Amino acid sequence: MPGTELSPRRRQLLEAAIDVVAEHGMRGLTHRAVDRRAGLPEGSCSSYLRTRLALQNALAGFVAARLADDVCGLSEQLSANTEGVAFAVEATRSLFLGWLATPSLLVAKLELTMEASRNAALADLFGDWRRDLVVQVDRIMADAGRDHGTERAEALVAALDGVLMSALLKPEGEQAAHVTNCLSHLMLPLLGDEPNLAASTH
């Protein structure tokens with residue numbers, strides 16, 4: 001999770017595992033595939049993560065920590081924001097488009113989320129990550145002086161997940177406009193008046 005220190009080699013292996021899962025799904029996640037992707041000798045991954053389950057759980061923790069770090073950065077931006085709702089929507093949009101520009105992390109997260117429906121340890125890990133995210137979203141709404149609470153924050157988090165998934169299925173040239181439109185419809189009723197984001201769609 002955020003703040004967890006990894007050795008350079010372990011980080012290299014987990015970065016490679018993200019790419020493997022993004023390209024081949026969870027069935028393609030093997031020690032040998034990770035070694036090949038990382039450009040390391042066979043046996044390197046298994047010396048750090050001895051079983052497939054250990055590899056899978058370490059990858060889930062790594063992906064969750066990466067996403068949580070990015071969301072924490074967004075939360076800090078919004079906490080320091082004095083420019084109103086337009087800034088909040090644009091900062092969220094920038095984060096989403098950054099993820100979509102290199103989508104392996106998002107695709108790996110989706111694959112791991114599906115696996116979590118069959119794996120209690122993964123479900124617990126992603127559940128912890130999601131609860132932290134809900135707390136941050138609730139705080140953002142509170143800071144904006146809007147009605148808030150766990151249920152409202154959970155609904156917004158679920159909706160934002162849907163925006164990312166639908167954007168992944170869009171042609172690259174349509175993603176920015178799609179994200180901007182969806183975020184405006186989702187966030188404006190909760191945070192304030194409608195900003196003019198027409199220029200941001202280009």
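The values are calculated or read from the model by the stated rules, or taken from the named source; none is laboratory data. Everything numeric here is computed off the predicted structure, so don't read it as measured data. In this analysis, Cβ positions are derived from the backbone assuming ideal geometry, glycine residues included, and neighbour counts consider all displayed protein chains.
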- Message: Being closer than 28 Å to Leu168 by Cα and out of contact with any His (no Cβ under 9 Å at 6 or more places or on another chain) is the requirement here; does Arg52 meet it?
- Response: no
- Message: Going by what's in this entry, would Leu133 be described as touching a residue at least 60 places away in the same chain (Cβ under 8 Å) and assigned to a helix (DSSP H, G or I)?
- Response: yes
- Does Glu42 satisfy being loosely packed, with under 13 Cβ neighbours inside 10 Å, touching a helix residue (DSSP H, G or I) at 6+ places or on another chain (Cβ under 7 Å) and either assigned to a helix (DSSP H, G or I) or at pLDDT 95 or above (or both)? yes
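Listed here are the residues, each with its yes/no results for (1) within 20 Å of Ala65 (Cα to Cα); (2) at pLDDT 85 or above; (3) among the β-branched types (Val, Ile, Thr).
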site: Ala155; (1), (2), (3): no, yes, no
site: Asp161; (1), (2), (3): yes, yes, no
site: His185; (1), (2), (3): no, yes, no
site: Leu188; (1), (2), (3): no, no, no
site: Leu191; (1), (2), (3): no, no, no
- Message: As an exercise: evaluate Arg50 against (1) part of a helix (DSSP H, G or I); (2) surrounded by fewer than 20 Cβ atoms within 10 Å (Cβ to Cβ) and give the number of the one condition it does not meet.
- Response: (1)
- Residue ID - farthest from Thr113 (Cα to Cα), chosen from residues in segment 133-160 that are acidic (Asp, Glu) and surrounded by 16 or more Cβ atoms within 10 Å (Cβ to Cβ): Asp138
